[in-house]
């Protein structure tokens, strides 16, 4: 590998990396993908596990996971013990955050990364997101518009077979769907009552990617079919190598996860798809005499303006319904179960309506009548809120040189604290979803956020044992701190001005013309919908640009 020069070295194999592998190889480029985690096999997706499949409190499973090295990962909001091995060992992958601003970093280190554990909800963003700063003056606009990204949204949705309905919600653009998604009977009742009570609010079915029966990310499989992909798992990239004279990237250095041996590989271009925090960490760790603040940091903004979405949670029961409804849109996946749910798009600070308490807005994603409930027991609902965090120069990813991970690399130090704007938003988003579920006749058992837990009626998880409920109450707020949304973005943002951003409109580093970043770190704003589909579309667009620049000899 040391003697071969690849057209593009791609770091990461998840949402961005798998699409990059497909797009670049299909355009005729020879690509090396380096994945820090292990390969996957059918053993990772066994369907003969014992015990209930429901996600929820699962206290004893969480305790066992924490004791085995996952004290952070076991705090994920909707925990399923069959997924335990698809999250990292926190002892091997430590990080730090301020004591007064804890951050939950939920991660997976295997081929495909968090594609194996995310909800597969894929929503488009609109110019409400891309041009938010023009409307309220906070932060910077994206250097692209929805029209620039729409063809690549189309391309990714059609490739993945995304299911969804055309709902005609202006700030949630419709897509190119392989077929419809659906609401349960309880979700349809919620939709009718919500929309009739608040005409400005909508409740729609999820737009989602069906489970992948082959498990290896679809983009990686497509790339393998071209014969132009080389894949190396267990390769922890530690540094982007740059030439001090040309200022171009020449390749990367990595350490073998198993043998601890260091290697270097050469590429005509380097594309970082390692995930928001890991890509920023890698760029900072690539500092050199000609780039003392980290590679591609001529603006001084690398690691700054880090964001995640502001989370809240509400759970309860559905009066008059028992058990759970199985969505027959697609056959249930034997490992993950059925897909689908209800989504409430942002409705605040839109269409001439201004809420003076805060800027931007929030959205909700959840299920009503789908959560596992034993026969004869009340049907359940669970809805999580996601509020948009404003870009803040004080929210950062830096290197903590005082502590190293299992492979000798300085760990990331993550600062992500809510401002007064986010606190006001969180209070309102918590109030708004409660008023909607109560207006729909649902019974709240508990609701809460990092601001605290409020119980109602029978209280949280009424079927659970007293000890589980006691510990849940004690630690709930700690499990809803920043990071719990798992929608982190920013830190290597795109922009129109090289003095204010790391990347240009094609995800190309201003300072290093053959270095590109297309994961969530490139986002100038954080939105309130999931970032995954936008990451994939940005990657497809950047790869088209990379292929064109290679063909023209400019890279």
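The values are calculated or read from the model by the stated rules, or taken from the named source; none is laboratory data. As the structure is a prediction and not an experimental result, all values here were calculated from the model. Glycine also receives a Cβ, built like all others from the backbone with ideal geometry; neighbour counts cover every protein chain displayed.
Kindly evaluate residue 388 against the criterion of being under 19 Å from the mean Cα position of the chain (by Cα) and buried (at least 23 other Cβ atoms within 10 Å of the Cβ). Show your work before the answer.
Numbers: under 19 Å from the mean Cα position of the chain (by Cα): yes; buried (at least 23 other Cβ atoms within 10 Å of the Cβ): yes.
Yes; evaluated as a whole, the condition is true for this residue.
Every condition in (1) crowded, with 24+ Cβ neighbours inside 10 Å; (2) under 28 Å from the mean Cα position of the chain (by Cα) is met by residue 265 except one, and the failing one is (2). Scanning the stretch 136-157 for residues that are out of contact with any helix residue (DSSP H, G or I) (no Cβ under 7 Å at 6 or more places or on another chain) and more than 18 Å from residue 175 (Cβ to Cβ), we see that the one that is modelled with the highest pLDDT is 143.
Go through 254, 190 for me and flag whichever is in contact (Cβ under 8 Å) with a residue 40 or more places away in the chain, part of a strand (DSSP E or B) and either under 25 Å from the mean Cα position of the chain (by Cα) or assigned by TED's automatic domain parsing to the domain that holds residue 321 (or both). Working first, answer last.
On the way: 190 fails: part of a strand (DSSP E or B).
The match here is 254.
Would you say residue 383 is buried (at least 17 other Cβ atoms within 10 Å of the Cβ), within 25 Å of the chain's Cα centre (by Cα) and in the same structural domain as residue 194 (by TED's automatic domain parsing)? Yes: the conditions hold for residue 383. May I ask you to list the residues in the stretch 425-449 that are surrounded by fewer than 18 Cβ atoms within 10 Å (Cβ to Cβ) and either part of a loop (DSSP other than H, G, I, E, B) or outside the structural domain of residue 188 (by TED's automatic domain parsing) (or both)? Within the stretch 425-449, 441 is the sole residue that qualifies. Contact annotation: residue pairs with Cβ atoms under 6 Å, 6 or more positions apart or on different chains, pairing a residue in the stretch 2-27 that is surrounded by fewer than 24 Cβ atoms within 10 Å (Cβ to Cβ) with a partner that is in a strand (DSSP E or B), are 5/266; 6/32; 6/267; 7/268. Tell me, yes or no, whether the stretch 392-415 has at least one residue that is touching a strand residue (DSSP E or B) at 6+ places or on another chain (Cβ under 9 Å), within 30 Å of residue 195 (Cα to Cα) and touching a residue at least 12 places away in the same chain (Cβ under 8 Å). Within the stretch 392-415, not a single residue is touching a strand residue (DSSP E or B) at 6+ places or on another chain (Cβ under 9 Å), within 30 Å of residue 195 (Cα to Cα) and touching a residue at least 12 places away in the same chain (Cβ under 8 Å).
Picking from residues in the stretch 194-203 that are touching a helix residue (DSSP H, G or I) at 6+ places or on another chain (Cβ under 6 Å) and part of a helix (DSSP H, G or I), the one that is farthest from residue 172 (Cα to Cα) is 197. For the stretch 213-222, the candidate set comprises residues that are assigned to a loop (DSSP other than H, G, I, E, B) and touching a residue at least 24 places away in the same chain (Cβ under 8 Å); within that set, the residue that is nearest to residue 182 (Cα to Cα) is 213. Only one entry in 352, 369 is on the phi > 0 side of the Ramachandran plot, more than 23 Å from the chain's Cα centre (by Cα) and surrounded by fewer than 24 Cβ atoms within 10 Å (Cβ to Cβ), namely 352.
Residues in the stretch 479-514 that are in contact with a helix residue (DSSP H, G or I) (Cβ under 7 Å, 6 or more places away or on another chain) and either surrounded by fewer than 16 Cβ atoms within 10 Å (Cβ to Cβ) or under 30 Å from residue 268 (Cα atoms) (or both): 488, 489, 490, 491, 492, 493, 494, 503, 506, 507.
In the stretch 331-360, how many are in a loop (DSSP other than H, G, I, E, B), closer than 18 Å to residue 372 by Cβ and either touching a residue at least 40 places away in the same chain (Cβ under 8 Å) or touching a strand residue (DSSP E or B) at 6+ places or on another chain (Cβ under 8 Å) (or both)? Counting residues in the stretch 331-360 that are in a loop (DSSP other than H, G, I, E, B), closer than 18 Å to residue 372 by Cβ and either touching a residue at least 40 places away in the same chain (Cβ under 8 Å) or touching a strand residue (DSSP E or B) at 6+ places or on another chain (Cβ under 8 Å) (or both) gives 6. Considering only the stretch 505-521, I want to know if a residue exists there that is assigned to a loop (DSSP other than H, G, I, E, B), within 16 Å of residue 390 (Cα to Cα), assigned by TED's automatic domain parsing to the domain that holds residue 146 and in contact with a strand residue (DSSP E or B) (Cβ under 9 Å, 6 or more places away or on another chain). No, the stretch 505-521 has no match at all. The set of residues in the stretch 522-548 being on the phi < 0 side of the Ramachandran plot and either without any contact (Cβ under 8 Å) to a residue 24 or more places away in the chain or not in a helix (DSSP H, G or I) (or both) consists of 523, 524, 525, 526, 528, 529, 530, 531, 548.
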